[in-house]
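The structure under discussion appears below in the form of structure tokens.
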Amino acid sequence: MLYNRIITGLILGLTMIGGFLYSFESAIIICLVILFFTCLEWHMMMRKISVSPSNLLMIISLFISVLIIIGIYFNMISLPHIFQYILCGISLVFIFKFIEITFSRNYVKETIENYYLVPYLVLPILILIFFLNGNFVIHSKWILSMIAMNWSNDVFAYFVGRKFGKTPLAPEISPKKTIEGSIGGLVGAILTGICLNLYFLNEPVSLLFIIIFGIFIWAFGTVGDLFESKLKRLVQIKDSGNILPGHGGFLDRFDSFLFIIPVGITLVYFFNFLNS
């Protein structure tokens, strides 16, 4: 199991690095793959809820998303920065709604709405592609930095938690997560951010911003993971799918990704605004 998890993780990591560094086209392909499989797994999860899932909603959402992405690629759609900021703001509003669902005991599976598919899965991917289209060379490195910091959070949290973890972080949602492991994840995210700032980003930023950036990636990455864990507990399944050996489904692997992308991009926009 651990062997499969490591091999799959390496393949995913290399694919993400290669795809986001090589070209805008390869990054779009990765985004489309993530969007398709996460939407499909969400749909399958909704089938386990008493409310019937909407096939039409998923099909229309995917169809419109593909049309928008094609429009972005061929420069038929170009949103002014203010509208991209608005999209980030809308995404953040829903993320805080998802956080409420995560930690509230009042939420049962019947209260999970089918339309959450759009703000949870579709909107972050569209925000990501608009961001990459703005300046692919610079912005792709920001995205990879967010991913690397989030994965460092996962890795450090896992090993520190196994070695020192004693205090449950959210026992009703994810019993294996510990506060000690989470602190280790925070350290890992910040250290990775510092290294990437020195040796990877095109335009290094201040140490203070990187520390703040790492804290946000750690916090929202952790909550993104807990949100998907809460969904699985409500639906009473172990994994969202089985397409990724050792990891489960795409939602299991990219749950944090869907939270950190809008948050991280918002922080980059804010940093650029302050320095403009």
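What follows is calculated from the coordinates using simple rules that are stated; it is not laboratory data. Owing to the predicted nature of the structure, the values given are computational and were not obtained by experimental measurement. Cβ atoms come from the backbone with ideal geometry, glycine included; neighbour counts cover every protein chain shown.
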Exposed loop GluC sites (Glu not before Pro) only (DSSP loop, at most 16 other Cβ atoms within 10 Å): please give the longest stretch of the chain free of them, not including the sites. 1-112
Positive minus negative residues near residue 156 (Lys, Arg vs Asp, Glu; Cβ under 13 Å): +1
Please work out which option in [x] 2.31; [y] 0.97; [z] 1.06 gives Cα Rg over 2.2 N^0.38 Å calculated from these coordinates, and answer with its label. [y]
Relative contact order for the chain: what percent, with Cα pairs under 8 Å and sequence separation of 6 or more? 24
For residue 172, net neighbour charge (Lys/Arg +1, Asp/Glu -1) across residues whose Cβ lies under 12 Å away: +4
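With a 10 Å Cβ neighbour count serving as the proxy for reagent exposure, in which order, fewest first, do 218, 42 appear? It would help to have the intermediate numbers written out before the result.
Working: 218 27, 42 24.
With the fewest neighbours first, 218, 42 line up as 42, 218.
So which helices of the chain fit the span-like rule, where a helix is a whole DSSP H run, its Cα atoms reach 18 Å or more along the axis, and its mean Kyte-Doolittle is at least -0.5? The partial results should precede the final answer.
Working: long enough: 2-22 (29 Å, 1.34); 24-46 (32 Å, 1.82); 55-73 (27 Å, 2.57); 81-103 (33 Å, 1.65); 136-164 (40 Å, 0.57); 179-199 (30 Å, 1.42); 207-235 (42 Å, 1.48); 250-274 (35 Å, 1.48).
Both cut-offs are met by 2-22, 24-46, 55-73, 81-103, 136-164, 179-199, 207-235, 250-274.
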Potential lengthening between residue 135 and residue 36 on full extension [0.36 nm per residue; Cα-Cα distance subtracted]: 33.2 nm
For residue 116 and residue 206, what is the calculated FRET efficiency with R₀ set at 41 Å and r taken between the beta-carbons, to the nearest 0.05? 0.70
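Pop the C-beta distance of residue 243 and residue 60 into the FRET formula with R0 = 25 Å and round what comes out to the nearest 0.05.
Numbers: r = 24 Å, r/R0 = 0.94.
For R0 = 25 Å, the calculated efficiency reads 0.60.
Could you order peptides 162-170, 71-79, 138-146 by the average number of other Cβ atoms within 10 Å of their residues, highest first?
Working: 162-170: 14.8, 71-79: 12.4, 138-146: 21.0.
Final packing ranking: 138-146, 162-170, 71-79.
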Selection from 140, 265, 178, by position along the positive dipole direction of region 2-274 (Cβ): 178
Ranked by Cβ crowding within 10 angstrom, fewest neighbours first, how are 207, 196 ordered? 207, 196
Please list, by residue number, every one of the trypsin sites (Lys or Arg not before Pro) in region 4-74 that is coil in DSSP and has at most 16 other beta-carbon atoms within 10 Å. 47, 48
Dividing the mean separation of Cα pairs under 8 Å (6+ apart) by the residue count of region 168-227 yields a relative contact order in percent of 30
Taking placed amide H atoms and a strict 5 Å upper bound, the residues 5 or more places from residue 177 or on another chain that come that close are 169, 170
I need the trypsin sites (Lys or Arg not before Pro) found in region 169-276, filtered to DSSP loop residues with at most 11 other beta carbons within 10 Å of theirs. 238
So for the pair residue 100, residue 164, with labels modelled 7 Å out along Cα→Cβ, what separation do we get in nm? 3.6
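Can you show me the helix-derived [θ] at 222 nm for the chain, built from DSSP H runs with n ≥ 4 at -39,500 (n - 2.57) apiece and divided by the number of residues, rounded to the nearest 500. Could the numbers behind the result be given before it?
On the way: 9 runs with 202 residues, N = 276.
Roughly -25500 deg cm²/dmol at 222 nm, from the helical runs in the chain.
Counting Lys +1, Arg +1, Asp -1, Glu -1, what net charge surrounds residue 185 among other residues with beta carbon under 14 Å of its beta carbon? Don't jump to the answer; show the numbers that get you there.
Numbers: positive: 162, 163, 176, 177; negative: 154, 180, 225.
Here the count lands on +1.
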Simple spin-label model, 7 Å along Cα-to-Cβ: residue 4 to residue 47 in nm? 2.1
